[in-house]
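K.L.:
I'd like to ask you about the structure that follows.
Quick note: the coordinates plus some simple rules give every number you see, no bench work behind them. What you see is a predicted model, and the numbers here were worked out from it, not measured in a lab. For neighbour counting, all protein chains shown are included, and Cβ atoms are generated from backbone atoms with ideal geometry for every residue, glycine included.
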Amino acid sequence: MLGVAYKFRIRLHWMGKASLFKPPFGRLMKALGGIPIDRAKANNVVAQMVDDYQAANTLAVAIPPEGTRAKVRVWKTGFYNIAHGAGVPIAFGFLDYKRKVGGIGGVFETTGDYEADLEVIKAFYANISGKLPV
């Protein structure tokens, strides 16, 4: 996804566990757009990211709805709660492994009705083949 963002000249950020940001690679991870998240503490990642959005002039963050790189059966709600809480749209970024293409398929403004909004979001991704399809 960083390659897609580079192609569209978007400064894309991503969240990673805090240990990735320690020396010797910490500076590189931040330069690549990383935002450290301390998962050892019981802090609220959604609130932290909403605050980051409100403090920034511009901020684009890639957040997988799975909440991880691993294969899962159910999406987590963090990506939605961050977008809704910060009042920012969700951009439909995708990497289609079957067709070997990637891009941004539009944006969606959340309404606060998670279940209804999730149906719209899932409809967009219905024809996208992920690396680890469900």
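K.L.:
Just how large is the dipole of the chain about the Cα centre, in debye to the nearest 20, putting +1 at every Lys and Arg Cβ and -1 at every Asp and Glu Cβ?
P.N.:
920
K.L.:
Express in nm, to one decimal, how much length is gained between LEU118 and LYS17 on full extension, taking 0.36 nm for each residue of separation and deducting their alpha carbon distance.
P.N.:
Full extension from LEU118 to LYS17 adds 33.7 nm.
K.L.:
I've got another one for you. Pull up all non-local amide H partners of GLY16: gap of 5 or more, or a different chain, and H-to-H distance under 5 Å with H placed in the peptide plane.
P.N.:
Here the answer is ILE35, ILE37, since their amide H atoms fall under 5 Å of that of GLY16.
K.L.:
Out of the stretch 1-84, which chymotrypsin sites (Phe, Trp or Tyr not before Pro) are coil in DSSP terms and have no more than 16 other C-beta atoms within 10 Å?
P.N.:
Details: sites: TYR6, PHE8, TRP14, PHE21, PHE25, TYR53, TRP75, PHE79, TYR80; in loops: PHE8, PHE25, TRP75.
Taking the stretch 1-84 and a limit of 16 other Cβ atoms within 10 Å, the loop chymotrypsin sites (Phe, Trp or Tyr not before Pro) found are PHE8, PHE25, TRP75.
K.L.:
For the chain, just the Cα atoms, rotate onto the principal axes and tell me the three extents in Å, largest first.
P.N.:
40, 33, 30
K.L.:
Which of the listed residues, PHE94, LEU59, VAL107, is farthest toward the dipole's positive end in the stretch 2-125, when Lys, Arg count +1 and Asp, Glu count -1 at the beta-carbon?
P.N.:
Ranked along the dipole, the leading option is PHE94.
K.L.:
Enumerate by residue number the trypsin sites (Lys or Arg not before Pro) in the stretch 1-102 meeting two conditions: DSSP loop (anything except H, G, I, E, B), and at most 16 other Cβ atoms within 10 Å of the site's Cβ.
P.N.:
Sparse-neighbourhood loop trypsin sites (Lys or Arg not before Pro): ARG9, ARG11, ARG39, LYS41, ARG69, LYS71, ARG73, LYS76, LYS98, ARG99, LYS100.
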